[in-house]
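The values are calculated or read from the model by the stated rules, or taken from the named source; none is laboratory data. Everything quoted here is computed from the prediction, not taken from an experiment. Positions of Cβ are generated from backbone atoms using ideal geometry, with glycine treated the same way; all protein chains shown enter the neighbour counts.
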Amino acid sequence: MSLYNFLLHLSSGPIPSTPDRKLLRQSHRPDGVALLIIRFASSLLDIVQLAQSNGNINQTTTASQTYDLQQFASQGGTPTFTGLLTNAAEHQDTLVFNSSGQLVNSMNQSSAQLYNAIDSTGVNYFCTVTAANNALTAFAKTCSK
């Protein structure tokens with residue numbers, strides 16, 4: 001749901017929560033300020049096992065997670081604050097097990113994460129980090145040290 005639709009719902013009643021969206025807070029203060037905080041979260045875990053001709057089993061695991069937070073405040077129908085935060089990551093790794101079920105290797109590791117926060121007060125933070133084969137491959141200059 002877009003911020004525009006949130007604005008429409010502010011005047012028409014509460015926004016329903018869904019499995020992937022949780023209304024953290026919606027209120028109207030005595031001074032007329034309307035507050036709305038929505039959290040979106042999703043995750044996916046995918047595990048695939050492939051038998052190899054030598055008897056080994058390659059198990060590839062992929063994990064994806066996303067967390068989004070949208071904040072909005074208005075007074076008298078005029079927006080006074082908006083904020084958006086996103087934290088998203090995807091990780092993958094393949095484990096190699098021998099025919100006895102013992103872990104013998106790990107390969108094809110990769111990971112990427114994005115963190116972005118922006119709001120109407122001037123906050124504007126963007127960071128991306130990536131890794132491959134268990135080593136950092138990229139670190140955006142905009143990330144805090």
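Values computed for the structure shown
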read-out	value
Residue in the stretch 119-141 that is crowded, with 16+ Cβ neighbours inside 10 Å and in contact (Cβ under 8 Å) with a residue 24 or more places away in the chain present	no
Test: residue in the stretch 64-85 that is modelled with pLDDT of 85 or more, surrounded by 12 or more Cβ atoms within 10 Å (Cβ to Cβ) and within 30 Å of VAL104 (Cβ to Cβ)	yes
Residue in the stretch 98-106 that is crowded, with 16+ Cβ neighbours inside 10 Å, polar (S, T, N, Q) and modelled with pLDDT of 90 or more present	no
